[in-house]
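No value in this document is a laboratory result; all are computed from the given coordinates. Keep in mind that this is a model prediction, so the values were computed, not measured. Virtual Cβ from ideal backbone geometry, glycine too; neighbours counted across all protein chains shown.
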Amino acid sequence: MAVGKARGASAPDSPGQARSVPAVPRTARRHVLRRREDSRLTAFGFVGPAMVLLALVYVVPTIIDGIYSITKYQLGGRAGFVGGANYAAVVHDSLFWQSAVNTVLFAVLTVGLGTLFALGAALLLSGTFVGKGIYRFIIYLPQSISFASGAVIWTWLYNSQNGPIDAVLERIGINGPAWLTDPHLALISIVLMSWWRDIGFYMVVLIAAVEGVPYPLIEAARVDGASRLRVLWNVTLPSIRPAMLFVVLTWGLGALQMFTQSYIMTDGGPVNSTYTIVLKIYTDAFQALHLGYAASEAFILLAVCMVIGFFAVRWFSRGLENP
Amino acid sequence: MIDSASTRRRLRTGGRHVVASVIAIFFLVPILVAIVTSLKTNASALTGDVLALPHHLHFGSYSAVFQLGGFGTFAKVSAIVSVVSTAIQVFVATLAGYGFARLRFRGRSVLFFLVLLTLMLPPAALALPLFLEMLHVPFAGGNSATGSGGIGLLNSYPGLMAPYLVSGFSIFLSRQFFLTLPAELGEAARIDGCNEWMVFWRVYRPLATPLLVIVTLFAFQNAWVDFLWPLIVAKGPSLFTLQVGLSSFQQEFTAQWADIMAAAIIASLPIMAIFIFGQRYLKRGIAWSGGRG
C-alpha cells in the first residue's frame, strides 16, 4: 500500500524536524511530505462526504434534541429554558409509561418469539430439502410489502365487518374476536402482523449462518453418535451465535421504534393499549405541538437505544479490524 | 433395516412439507387476499362472500385510486425522492466504504466505530430533531441567515430526501466488500501512476457491480417504504409519498376496501418488482451483513 507506507514513513517527523535532518535528500524529503498531505486529503475526499452527511443526519439532530428537551418550545413560539422540567413531567405522564410498557411488551413478544420462529424456519428450510426454495420465497415475500401497505392489508383482514379472518372463523362456527378493538388483543394482533412482515428477513439471515456452519463439524458429531438435537444444541447454535445476536439486536431496536402499525391500524387504541413511544412523541410534537416536551421523550428513547447499541457495536466490531 | 430407514426418511420429508406448507399459508394468504379483494367492487368486498373469487375481474379500483386518490402525484413524489436519494447514497457510501477498507489515515478506526454507532441511533427518535434542523436551515424556504422566519427545507424535495442521503449500513457493506478484493490490483495501478481516485474508479468500481446492485436495492427500498419522515415533512398532498398518500386515502375512504387494497398494492408495487428481480442480490446482502456477524 503505497500511500500507507508513505504516511507511515513520515509519521514520526514534523516538518520542522525534517528540515533539521540534512541526511535526507531534498527532493525525496519533499516527495515524502507531499505524499503525506495527499493521503490526508485523499482520505477526506473518500470518507468526508459520508462523514459530513452522517453528522448532519445523526449527530446534529441528537444534539438539537438534547437542547430542545430542556426548553418549553412550542411550534411558532419562543424556546424558553426550563431545565429538567420536561423530564420531571415525563416521569409523571401516565400515558408515557403506558406507551413504554406497550412498546417493551411489543418488542419482547415480536422479537423473542419471532426469533425462535425465524430460527425454526431457517433450520426447516436449510440442508437437503427438495422444494425449500419455494417455501423460502413465500416466507420472504412480505418483505416486498411496505409497512404502510401491510398495515392497511391487515386492517382489512382483521376487520369486524366481513373481514376475511372472522368470515372464515364464522364459517367453521367460531365467533371471531374483535382483533383490533379488544384492548387485550389489539397489541397481539399487531405482533402477528409484524411477524408476517419481518420473519422472512431474519430467516434469511439465519439461513446464511446455518449453512455457513462447517460441515465437517456436524459430520464429526454425527459420526460420534450425537443425535440431531444434540448436534443442533452443541454445534449449530454456538456457531450461529453472532447471527442470532445480530437478529435480536436489529429487530429489537426496530421494534422499540414501532409506529406505522399503531398509527394506521389502531391509532394507539383501544384505550391506549397500542400506544407506542414513537406514537406518543409524534402526537405530542405534531398534534399537541409541545415540541420541547416531545424532544425529552425522544431523548429518553435515544438514550436507551444508544446504551444498547454501544455495547452491541463494541461486541460486533471485535474481529472487524482491517487485515 | 434398509426399508425402515428409507421409510423413516420419507416420513420425515413428508412431515417437513406439511409444516412448511402451513407456515407458507400464513405468509402468502394476506397478499392473495389483498389482490383478490382489489379485483372486486367495493360493495361486494364489504357484503359479498369473502372466500369467493370475483365473478369477473373488476379493475375499477385501480383507476379509482389514481383518479380519486391522486396516486399519480404520490407515485411521482415517491419516485423522485427514492431515485435521487438512492443515487447519492450509493455514491457516497461506496466511496467511504473504499476509503475505510483501502486507505490508511489517522482516526480511521474511531471514525468507522462512529459509523457503526449511527446504525444504533433510532431514526424514529431522530425524526423530531431532524424536523427542527430542516425547519431552521438558513436561507431556505423563506428563512433568514439565522434560520428563522420561514419553513426551511420542510415541505420540499431536499427535506423529504434528507435522511436517505447517507446510511451507516451501506458504508459498512461497502467496506466489507472492498476488503474482499485483492489489494495488489491497486498497487499495480499505483505503480503505473494512478492516483487513489483513479484506482477506485478504474480498478475497483468495475469489480464492485454486485455491491452497487445490493446497496442500490437496499437504499431504494428503504427510501420507498419510509412512513414517519414523509408524514411529518410533507405539508400537503402535492408532496405526499405513496405511503403517506395510502394512509390518508384509507382515512378518507373508510370501508371502500376494494379501492384501499388496490391502493395498498400500488404503494408497494416497485419494491415487489425489485424483490422478484433482485432477490438473489438482496439475500446476498443480508447474508453479508448478518451471517458473518
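Residues whose amide H lies under 5 Å from that of B:G150, counting only those 5 or more places away or on a different chain, are B:N143, B:S144; hydrogens are built 1.01 Å from N in the peptide plane. First check a/c for region A:93-317, with a ≥ b ≥ c the square roots of the eigenvalues of its C-alpha gyration tensor; if it is under 1.5, answer rounded, and if not, answer prolate when a/b is larger than b/c or oblate otherwise. Oblate is the answer for region A:93-317, as a/c is 1.5 or above yet b/c matches or exceeds a/b. For chain B, the Cβ-based charge dipole about the Cα centre amounts to some 1080 debye (Lys, Arg positive; Asp, Glu negative; other atoms uncharged).
For region A:162-203, what class follows from the C-alpha gyration tensor (a ≥ b ≥ c being the square roots of its eigenvalues): rounded when a/c is under 1.5, otherwise prolate if a/b is larger than b/c, else oblate? Note, shape of region A:162-203 comes out oblate. Within a straight-line Cα-Cα reach of under 13 Å, B:K40 can be paired with the following aspartates and glutamates, leaving aside sequence neighbours fewer than 8 residues apart in one chain: B:D49, B:D259. Binning all Cα-Cα separations of region B:71-291 at 5 Å, short to long from zero, yields these whole-percent fractions: 1, 6, 12, 14, 16, 15, 13, 10, 7, 4, 2, 1, 0, 0. Placing a label point 7 Å from the Cα of B:Y157 along the Cα-to-Cβ direction, the residues of region B:49-92 whose backbone N falls under 20 Å from that point are B:71-92. Applying 1/(1 + (r/R0)^6) with r as the Cβ-Cβ distance of A:V223 and B:V19 and R0 = 25 angstrom yields a FRET efficiency of 0.35. Taken residue by residue and averaged, Cβ atoms of other chains lying within 10 Å of the Cβ of B:30-38 number 5. The smallest convex shape that holds all Cα atoms of the protein assembly as shown, its convex hull, gives 200 Å³ per residue. Size of region A:65-193 from its Cα atoms: along the principal axes, largest to smallest, the extents are 65, 40, 26 Å. One chain, two ends: A:A79 and A:R314. Fully extended at 0.36 nm per residue, the span grows by 80.9 nm beyond their Cα-Cα distance. Remark: region A:197-208, residue by residue, has Karplus-estimated 3J(HN,Hα) of 6, 10, 4, x, 4, 6, 4, 5, 4, 6, 4, 4 Hz, where x stands for each Gly or Pro and the curve is 6.51 cos²θ - 1.76 cosθ + 1.60 at θ = phi - 60°. Karplus-based coupling profile of region A:299-306, in residue order and whole Hz: 5, 5, 4, 4, 5, 4, 5, 5, with θ = phi - 60° in 6.51 cos²θ - 1.76 cosθ + 1.60 and x standing for Gly or Pro. The H on the amide N of A:T71, modeled in the peptide plane, is under 5 Å from the matching H of A:V82, each at least 5 residues off or on a different chain.
Sequence-ordered 3J(HN,Hα) estimates for region B:265-275 from the Karplus curve with 6.51, -1.76 and 1.60 and θ = phi - 60° stand at 5, 4, 5, 10, 4, x, 6, 5, 5, 3, 4 Hz, glycine and proline given as x. Of interest is the spacing of the C-alpha centroids, which for region B:192-266 and region A:96-126 amounts to 26 Å. Across peptide B:177-185, the average count of Cβ atoms from other chains found within 10 Å of a residue's Cβ is 1. Placing dummy labels 7 Å off each Cα toward the beta-carbon, the span from B:F113 to B:E187 is 3.0 nm.
At the listed q of 0.14, 0.19 Å⁻¹, the Debye profile of region B:168-293, built from one uniform point per Cα, gives log10 I(q)/I(0) equal to -0.78, -1.05.
Starting from the Cα gyration tensor of region A:103-152, take the square roots of the eigenvalues, sort them a ≥ b ≥ c, and report rounded, prolate or oblate (rounded when a/c is under 1.5, otherwise prolate if a/b is larger than b/c, else oblate). Oblate shape, in that a/c is at least 1.5 and b/c is the bigger or equal ratio. Among the residues of A:280-289, the average count of other protein chain beta-carbon atoms within 10 Å of the residue beta-carbon is 2.
If N is the number of residues in region B:92-216, what value comes out of its Cα radius of gyration divided by 2.2 N^0.38 Å?
Normalised Cα radius of gyration, region B:92-216: 1.35.
Among B:N195, B:N143, B:N155, the largest mean-square fluctuation in a Gaussian network model of chain B, built with springs joining Cα atoms closer than 10 Å, belongs to B:N195. GNM on chain B, alpha-carbon springs under 10 angstrom: the most fluctuating residue among B:D226, B:D259, B:D49 is B:D49. Only one residue of B:G69, B:G149, B:G97 has its Cα farthest out toward the positive end of the dipole of chain B, where Lys and Arg carry +1 and Asp and Glu -1 on Cβ, and that residue is B:G97.
Which peptide among A:164-173, B:210-219, B:93-102, B:279-288 comes first, and what is the full order, when sorted by highest mean count of other Cβ atoms within 10 Å?
B:93-102, B:210-219, B:279-288, A:164-173
In this rough spin-label picture, where each label sits 7 Å from Cα along the Cβ direction, the A:A55-B:A52 distance is 6.6 nm.
Taking each DSSP H run with n ≥ 4 as -39500 (n - 2.57) and averaging over every residue of the protein assembly as shown yields -21000 deg cm²/dmol at 222 nm. What is the Cα centroid distance between region A:174-231 and region B:106-136, reported in whole angstrom? Centre-to-centre distance over Cα atoms comes out at 31 Å.
Using the Cβ of B:L68 as centre and a radius below 10 Å, the other residues enclosed give a net charge of -2, where K and R count +1 and D and E count -1.
Solvent-free Debye calculation, one equal scatterer per alpha-carbon of region B:1-159: log10 I(q)/I(0) at 0.11 Å⁻¹ equals -0.92.
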